[in-house]
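The values are calculated or read from the model by the stated rules, or taken from the named source; none is laboratory data. Predicted model only: the values in this text are computed from it and were never measured. Positions of Cβ are backbone-derived with ideal geometry, glycine not excepted, and every protein chain shown enters the neighbour counts. The protein model used for the area step is the full one, side chains on, heavy atoms only, and it has no ligands, DNA or RNA in it. Shrake-Rupley method; radii C 1.70, N 1.55, O 1.52, S 1.80 Å.
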Amino acid sequence: MDSSLYALEPGYNQKFKPSRAKELIQVVLKNRLANQVYHADNTSSWAREISDDIKAKLKEENWARYKYVVQVFIAEQRGEGIRLASRCFWDQNTDNYAHDIYSNESLFCVAMAYGIYLY
């Protein structure tokens with residue numbers, strides 16, 4: 001019988017690593033948005049595709065028994081400020097998140113990835 005089925009917490013090496021997740025998010029954002037020009041008709045599909053790419057990269061890390069939630073926000077670069085907030089109810093010993101921001105002359109994007117340990 002697999003002993004990981006009864007684990008209440010992941011081992012140290014199997015915990016969601018925010019620094020590694022941030023690196024993955026950064027790579028995806030640069031690859032997908034470099035040289036893109038903002039157009040409102042494209043942002044919905046871009047956000048969905050970027051979310052899927054980030055989630056796929058996180059799954060490749062093989063953090064056992066983690067579920068991922070990815071949020072992507074894309075908007076036009078107009079020099080205006082924006083405030084985003086997020087609240088979660090989770091286990092601070094096992095769950096965590098990472099985020100990164102990408103911007104160019106035309107647009108900006110905020111991506112957040114949450115790693116939640118499945119008990």
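Taking the conditions exactly as written (among the aliphatic types (A, V, I, L, M), open to solvent by 50 Å² or more (accessible area, probe 1.4 Å), farther than 29 Å from TYR119 by Cα and not in a loop (DSSP other than H, G, I, E, B)), does ILE82 satisfy them or not?
no
Within region 90-119, the set of residues being under 30 Å from ARG78 (Cα atoms), open to solvent by 50 Å² or more (accessible area, probe 1.4 Å) and not small (Gly, Ala, Ser) comprises TYR97, HIS99, ILE101, GLU105.
If you go through region 4-55 and pick out every residue that is more than 27 Å from ASN93 (Cβ to Cβ), of a type outside the set (S, T, N, Q), assigned to a loop (DSSP other than H, G, I, E, B) and open to solvent by less than 70 Å² (accessible area, probe 1.4 Å), you end up with 2.
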